[in-house]
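Undergrad: Below are the structure tokens for one structure; questions will follow.
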Amino acid sequence: MPRVDLRHLLQTHGLAARKAYGQCFLHDIGVLTRIAEAAVPEGTTHVVEIGAGLGALTAALANTGVEV
């Protein structure tokens, strides 16, 4: 998963993260990987991710081999 300059990406598209909305755009690959591995129990084949973001967690979940 390539590292992305999130501030630049958000500014380019006229967007801003809003903590009041619970938006926290993770970008640390190690943290994302640990979250994804913890969120996908053994034997799970599908997960549903709820919430808007830039897709970093979605990619990390997909990398576990489940269908997101």
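The values are calculated or read from the model by the stated rules, or taken from the named source; none is laboratory data. As the structure is a prediction and not an experimental result, all values here were calculated from the model. Cβ: placed from backbone, ideal geometry, glycine included. Neighbour counts: every protein chain shown.
Undergrad: Consider Pro2 against the criteria (1) surrounded by 14 or more Cβ atoms within 10 Å (Cβ to Cβ); (2) modelled with pLDDT under 75: it satisfies all of them except one. Which criterion is unmet?
TA: Failing condition for Pro2: (1).
Undergrad: Please name all residue pairs, on different chains or six or more residues apart, with Cβ atoms under 8 Å, provided the first residue is in the range 45-66 and is among the acidic types (Asp, Glu) and the second residue is not in a loop (DSSP other than H, G, I, E, B).
TA: Once the first residue is among the acidic types (Asp, Glu) and sits in the range 45-66, its partners that are not in a loop (DSSP other than H, G, I, E, B) give Glu49/Leu57; Glu49/Thr58; Glu49/Leu61.
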